[in-house]
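Only one structure is covered here, and it is reproduced in the block below.
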Amino acid sequence: MIHDPLFSLTGARVLITGGGGAICSLVAKSFLERGATVVLHDFSLEKVDDVRKSFEGLGAKVFTIASDLSIPENCASMVNEAALLMGGLDVLVNGAGINRRKPISEVSVDDFEAISAINLRAVFFASQAAHAVMKVNGGGKIINISSINARYSYATNSVYAATKAAVSSLTRTCALEWAKDGIRVNCLEPGIVKTEFTKPLWDDSDRAKWLNDVTPLHRLSNPEELIGAVIFLASEASSYITGQAIILDGGLTTGGDWDSYKNR
């Protein structure tokens with residue numbers, strides 16, 4: 001168990017969507033190590049149950065929920081079930097996301113609707129439901145996992161980038177409306193994190209070398225490198241921060257060769 005007064009999450013009740021993925025499973029582990037109770041949500045119960053089993057040695061409280069968040073009603077049901085399991089809700093991490101890389105001319109209505117449903121609509125309605133619960137409890141924190149594509153896009157990524165831009169915008173509006181209820185809303189805008197989700201971008205050795213070359217830190221990030229920012233936003237260390245985005249991209253969007261990057 002990790003104890004730090006400023007970054008402590010002892011007693012925090014946390015719901016994480018996309019909990020079966022590489023990034024959010026590590027986020028869950030970091031919360032548990034700091035004394036939180038966690039509900040992991042994913043589309044596949046088997047997936048989140050496997051993640052839960054990997055935490056057994058931590059002696060922590062972990063619950064799992066599975067449902068399809070592309071159905072709006074399931075978003076509220078998930079939040080309410082999580083709050084019932086934990087006796088409340090203090091932190092929501094909206095981490096679920098999908099992508100289908102295609103040129104704009106090849107994007108179908110199904111592609112557009114599928115990506116939008118998970119990346120944006122689910123974030124909206126899960127946050128709406130979390131607000132209702134957190135308001136009664138006296139406050140809370142919502143952390144949205146956006147992307148640097150909220151600011152800069154690249155070819156074959158149109159719908160994904162548009163949804164992430166919307167999530168970053170939604171973060172600011174939620175923060176504005178819900179500050180009076182003691183709810184802080186922020187987001188992360190990571191660059192390319194080396195996971196299965198981003199494998200099409202880094203699996204080719206020539207592309208990987210090029211990505212390293214154009215990034216000021218000369219490497220892609222690992223999932224572990226997002227943890228510090230999530231803990232910061234969930235803890236009292238960020239008590240006066242709301243409506244903000246933290247960019248974690250190795251300097252790509254500030255000093256990197258973005259013009260070269262965006263066309264790849």
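Throughout, read-outs are computed from the coordinates displayed, never taken from laboratory work. Quick caveat: nothing in here was measured; it's all calculated off a predicted structure. Heads up, the Cβs are rebuilt from the backbone with ideal geometry, glycines too, and the neighbour counts pull from every protein chain shown.
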Quiz item: Quick one: helix 72-86 against the long Cα principal axis of the chain, what's the angle to the nearest 10°, folded into 0 to 90?
Solution: 50
Quiz item: Non-local amide H neighbours of I246 (under 5 Å, H modeled in plane, Pro and chain starts lacking H): which ones?
Solution: C187, L188, E189
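Give the shape of the stretch 98-247 as rounded, prolate or oblate, defined through the alpha-carbon gyration tensor: a ≥ b ≥ c are the square roots of its eigenvalues, a/c under 1.5 means rounded, and otherwise the shape is prolate if a/b is larger than b/c and oblate if not. Numbers along the way, then the final one.
Numbers: a/c = 2.69, a/b = 1.47, b/c = 1.82.
Because a/c hits 1.5 or more and a/b fails to exceed b/c, the stretch 98-247 counts as oblate.
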Exercise. Could you state the angle between the C-alpha long axis of helix 22-33 and the longest principal axis of the C-alpha atoms of the chain, as a value from 0 to 90 degrees rounded to the nearest 10?
Key: 30
Quiz item: Taking the alpha-carbon centroid of each part, what is the distance from the stretch 17-36 to the stretch 157-196 in angstrom?
Solution: 18
Quiz item: Can you list the HN-Hα couplings for the stretch 159-165, worked out from phi with the Karplus curve (6.51, -1.76, 1.60; θ = phi - 60°), rounded to whole Hz and with x for Gly and Pro?
Solution: 5, 4, 4, 4, 5, 5, 4
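Report the calculated FRET efficiency for K180 and A114 (r = Cβ-Cβ distance, R0 = 41 Å), to the nearest 0.05. If you can, show how the numbers build up before the last one.
On the way: r = 35 Å, r/R0 = 0.86.
So, using R0 = 41 Å, E works out to roughly 0.70.
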Quiz item: Stretched out fully, how many nm does the piece from L248 to E106 gain, at 0.36 nm a residue minus the Cα gap?
Solution: 48.1 nm
Quiz item: Hey, with R₀ at 25 Å, roughly what FRET efficiency would E225 and S205 work out to, going by the Cβ-Cβ distance, to 0.05?
Solution: 0.70
Exercise. Past 21 Å, Cα to Cα, is the threshold; run K102/K209; K141/K180; K135/K180 against it and keep the listed order.
Key: K102/K209
Exercise. Give the calculated FRET efficiency between A132 and L217 to the nearest 0.05, with a Förster radius of 41 Å applied to their Cβ-Cβ distance.
Key: 0.50
Exercise. Averaging sequence separations of C-alpha pairs under 8 Å and six or more residues apart, then dividing by the length of the chain, give the relative contact order as a whole percent.
Key: 18
Quiz item: In Å, what is the Rg of the alpha-carbon atoms in the stretch 1-108, and how long is Dmax?
Solution: 15.1, 52
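So between N80 and S44, what do we pick up on full extension, going 0.36 nm a residue minus the alpha carbon distance?
Working: separation 36, 0.36 × 36 = 12.96 nm, distance 1.87 nm.
Length gained between N80 and S44: 11.1 nm.
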Quiz prompt | Share of alpha-carbon pairs per 10 Å distance bin for the chain, given as whole % | solution = 7, 31, 37, 20, 5, 0
Exercise. Mind pulling the angle between the C-alpha long axis of helix 45-54 and the longest principal axis of the chain? Nearest 10 degrees, somewhere in 0 to 90.
Key: 80
